[in-house]
Amino acid sequence: MHKAIEVGTSAAVPVAAGQKKVMLVDDDPIFRRITQGFLESQGYQVIEAENGLDGLKKLRSNDPDLILCDLSMPVLDGIEFVEEVSLEYPSLPMIVVSATDEISDVAKALRFGIKDFLAKPISNHEHLACAIENTLDDSDNHLSDQRDFASQWFRVDSGDMPEEQELHWHLEYLEDNPSAAKDLLHALLPEKDTSQGDWKCSYRLLQSTDVMPLVFDYAWLINGQFAFYLVDSASEGQHGAATTLMVRALFHDYLRNLKCFNADLKDIVDLLEKGIKCSECSTPVKAIFGIADLSEGKLSILPAGLDAQWSNGYFSQHIAAGVMLGENCAKNFITTDLPIQSACQLTLSLLGSSSFSLDIYRGGNA
């Protein structure tokens, strides 16, 4: 527990052994004063900056452990500031504080690796304390570069869901504001083209702006596996956005905590379904999961409510939807050892709303 420091003094506070430094970047002096007082009462040293340009200047002569910044600022706005910091100090974690009508700006900031965001004004400072503590804990354990903001809401260690979920205000807010949820989910989509060695993967996703989106994500493993999933955040129930965020967090935590080098489709969905059962903010959703073993040239698919078609140019395979993720989808038929050959494609279409295709190929054989 950090030793409390008296609030209300303008004198510089000496840095105690192990004391963490937080840079607070905000053009509102009242917000800075209130937040500084709270942070110092929690045992942090606070470095204040009145705008983004002032923040960049003070970064030259200070070495904070974390940055807490507004998005709406003069001189150098929050998006520009976050982008500059992510380029110059890529390992320095950032938490964004934003008015809720600026959620589209928060979505833009996600591209630059922010670790969390909080609504302004901050109605519950315990949320701020929790966000800072979790982010600094990740940084101390060298996980900061591997976890994004979604992992702040679904904390997972050693591949298991904790007994109690400590979810921030975000999930209720996203349920009450579908447009904000769409912005955030769209911002999560990874680069459309990716490669490792001779292998390349690219996806195309076309969808209506009238419905909650399909969300695709992937990860390369060091043994040549390419793991991916696609979730329909518009699935039945009101918790589609929250469940999609949880899937993202648990998927990447599972891969990071692998005890061996090979990912397993059943292990992935077992963890995700455990998460859905543990969290009151989650509901069954339609999804599909896959692992391409590129060293073997084979692909395995586990459907979880989404119907798909696979082809490698020589023959095709229909992937039946089965039951949804959250309804014991591990019992669905897993199509294994599909030969990739030089190239293959996985496609699916939701009538009238969206279509998706994933291409996996060697070198120039698109």
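Anything in segment 54-109 that is among the basic types (K, R) and either buried (at least 21 other Cβ atoms within 10 Å of the Cβ) or out of contact with any helix residue (DSSP H, G or I) (no Cβ under 8 Å at 6 or more places or on another chain) (or both)? List them, or say none. Break it down stepwise before answering.
To start, the set of residues in segment 54-109 that are among the basic types (K, R) comprises 57-58, 60, 108.
K57, K58, R60, listed by residue number.
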TODO: Could you grab the pairs with beta carbons closer than 6 Å, sequence gap of 6+ or different chains, first residue in segment 209-235 and over 20 Å from S282 (Cα atoms) and surrounded by fewer than 17 Cβ atoms within 10 Å (Cβ to Cβ), second one of a type in the set (A, V, I, L, M, F, W, C) and at pLDDT 90 or above?
DONE: G224/L294
TODO: Find the strands (runs of 3 or more DSSP E) located wholly in segment 19-122 whose residues include 1 or more that are at pLDDT below 85, and list them.
DONE: 94-99, 116-120
Task: Unmet criterion (only one of (1) outside the structural domain of I30 (by TED's automatic domain parsing); (2) modelled with pLDDT of 75 or more; (3) among the polar types (S, T, N, Q)) for S151 - done: (2)
TODO: Please find, within segment 285-331, the residue that is surrounded by the fewest Cβ atoms within 10 Å (Cβ to Cβ) out of those that are of a type in the set (S, T, Y) and part of a loop (DSSP other than H, G, I, E, B).
DONE: Y314
TODO: Identify the single condition in (1) free of Cβ contacts under 8 Å to residues at least 60 places away in the same chain; (2) assigned to a helix (DSSP H, G or I); (3) not hydrophobic (A, V, I, L, M, F, W, C) that N262 does not satisfy, given that it satisfies every other one.
DONE: (2)
Open item on the list: For segment 40-80, give me the residue count where each residue is touching a residue at least 40 places away in the same chain (Cβ under 8 Å), among the hydrophobic types (A, V, I, L, M, F, W, C) and touching a strand residue (DSSP E or B) at 6+ places or on another chain (Cβ under 6 Å).
Closed with: 4
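The values are calculated or read from the model by the stated rules, or taken from the named source; none is laboratory data. Just so it is clear, the model here is predicted, and its values are computed rather than measured. Because the Cβ atoms are built from the backbone with ideal geometry, glycine has one as well, and the counts that use them run over all protein chains shown.
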